[in-house]
Amino acid sequence: MSTPSFKVHVEKDYLKFNAAHFIAHRDSREALHGHNYRVSVEVEGDLDAQGYVLDFGVVKRVARRVCQRLDEKTLFPAHSDCLDIRTDGPQVIVRYDDDEFRVPQSDVLLLPIVHTSAEELARYLAGEMQRELHGEGIQGIRAIQIGVEETPGQAAYYRDEL
């Protein structure tokens with residue numbers, strides 16, 4: 001028999017970020033390109049004394065803050081298994097075979113992931129949401145799910161049972 005549960009789901013036009021990236025594997029690399037990513041958040045938990053899993057306003061505020069950190073950045077995977085990433089003064093230099101990208105450090109976000117796929121971005125964002133919600137004193141969350149949509153109708157989801 002399943003355990004009854006409650007969840008809140010937030011998907012707003014302003015929960016988005018615009019970012020450039022490419023996915024690289026040992027034998028191939030995509031061209032550098034960008035997406036207008038949209039993010040959805042689902043939080044599951046018990047009802048509190050006020051009858052909420054979590055106030056929608058808190059979810060929206062935290063998700064917006066997390067999205068803003070990725071907005072208008074070039075995303076590189078700090079744990080890539082095939083990119084050489086280093087900093088040279090104000091530049092981030094990324095090498096893949098004979099290709100070299102030089103991007104101003106202020107335009108780059110190095111993420112603790114292996115690839116900048118929608119799936120790994122969703123997992124990263126779930127961790128950031130958990131950290132931020134915990135920092136706001138939110139407790140009692142049983143699960144969080146993040147959706148990252150690259151284009152309309154094309155999304156990846158990551159769910160973490162806490």
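The values are calculated or read from the model by the stated rules, or taken from the named source; none is laboratory data. Note that the structure is a prediction, hence the values are computed from the model and not measured. So basically every Cβ, Gly included, is an ideal-geometry build from the backbone, and we count neighbours across all protein chains shown.
Filtering the stretch 1-39 to residues that are without any contact (Cβ under 8 Å) to a residue 60 or more places away in the chain and either among the acidic types (Asp, Glu) or not in a strand (DSSP E or B) (or both) leaves Met1, Ser2, Thr3, Pro4, Asp13, Arg26, Asp27, Glu30, Ala31. The criterion of at least 2 residues that are exposed (fewer than 12 other Cβ atoms within 10 Å of the Cβ) and over 13 Å from the mean Cα position of the chain (by Cα) is met, among strands (runs of 3 or more DSSP E) falling completely within the stretch 65-162, by 84-88, 99-104, 154-161. Whether any residue in the stretch 56-67 is within 20 Å of Ala155 (Cα to Cα), out of contact with any strand residue (DSSP E or B) (no Cβ under 7 Å at 6 or more places or on another chain) and modelled with pLDDT of 95 or more is what I want to check. Yes, there is a match, as at least one residue in the stretch 56-67 is within 20 Å of Ala155 (Cα to Cα), out of contact with any strand residue (DSSP E or B) (no Cβ under 7 Å at 6 or more places or on another chain) and modelled with pLDDT of 95 or more. Just to be sure, is Val53 β-branched (Val, Ile, Thr), outside any loop (DSSP other than H, G, I, E, B), in contact (Cβ under 8 Å) with a residue 40 or more places away in the chain and under 30 Å from Pro4 (Cα atoms)? Answer is no for this residue.
Count of the stretch 21-60 residues, restricted to those that are surrounded by fewer than 18 Cβ atoms within 10 Å (Cβ to Cβ) and more than 17 Å from Ile141 (Cα to Cα), is 12. The set of residues from the stretch 1-39 being within 21 Å of the chain's Cα centre (by Cα) and farther than 30 Å from Cys82 by Cα comprises Lys7, Val8, His9, Val10, Glu11, Lys12, Asp13, Tyr14, Leu15.
Tell me the residue from Lys73, Lys12, Lys16 that is among the basic types (Lys, Arg) and touching a Leu at 6+ places or on another chain (Cβ under 9 Å), please. It would help to see each step written out before you state the result.
Working: Lys12 fails: touching a Leu at 6+ places or on another chain (Cβ under 9 Å); Lys16 fails: touching a Leu at 6+ places or on another chain (Cβ under 9 Å).
Only one candidate passes the filter, namely Lys73.
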